[in-house]
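Heads up, the thing below is written out as structure tokens.
The values are calculated or read from the model by the stated rules, or taken from the named source; none is laboratory data. Bear in mind that the values here come from a model prediction, so they are computed numbers and not experimental data. All Cβ positions, glycine included, derive from the backbone under ideal geometry; neighbour counts span all protein chains shown. Side chains are part of the model used for accessible areas, which takes the heavy atoms of the whole protein and leaves out ligands, DNA and RNA. Shrake-Rupley method; radii C 1.70, N 1.55, O 1.52, S 1.80 Å.
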Amino acid sequence: SKSLSDEENQKLFGKCNNPNGHGHNYKGKELLTHVVDPVSGMVINLTDLKEYMQEAIMEPLDHKNLDKDVPYFAEVVSTTENVAVFIWENLKKLLPVGTLYKVKVYETDQNIVVYKGEETISE
């Protein structure tokens, strides 16, 4: 965090504190809720969902240094919690209103964040 000293960053972020960055292979789940369309039998067409996910998640984040390559993280610390917020905000712009229920981001098998709008839950 640019707003913290080197010592404060080390204490807060531990081994994840590295001025040159460090990598993660995040896994994510985006869960949708809505009324099933009686004609199509779907909440959303999976082809459309795949395109939304490509635009909202893969294009801005895949194979990127979050702190250097993603403008959002120039001023926001790239924690898993903030990655979940970023994904939520991007998907919410593209999906039909009321469709997005929660975003679940796996940093590791033990470090999982669930974000439901203003509500963040660490699992």
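When residues in the stretch 39-75 are screened for being aliphatic (A, V, I, L, M), surrounded by fewer than 16 Cβ atoms within 10 Å (Cβ to Cβ) and either closer than 24 Å to THR108 by Cα or modelled with pLDDT of 90 or more (or both), 2 of them pass.
Identify all residues within the stretch 86-106 that are of a type in the set (Phe, Trp, Tyr) and assigned to a helix (DSSP H, G or I); write none if there are none. Selection gives PHE86, TRP88. Every listed requirement among (1) assigned to a helix (DSSP H, G or I); (2) modelled with pLDDT under 90; (3) open to solvent by 70 Å² or more (accessible area, probe 1.4 Å) is met by ASN25 save one, (1).
Within the stretch 76-106, the set of residues being closer than 27 Å to LYS2 by Cα, touching a residue at least 60 places away in the same chain (Cβ under 8 Å) and surrounded by fewer than 18 Cβ atoms within 10 Å (Cβ to Cβ) comprises VAL77, TYR106.
Screening TYR115 on (1) open to solvent by 70 Å² or more (accessible area, probe 1.4 Å); (2) modelled with pLDDT of 90 or more; (3) hydroxyl-bearing (Ser, Thr, Tyr); (4) under 28 Å from SER3 (Cβ atoms) shows it passes everything except condition (1).
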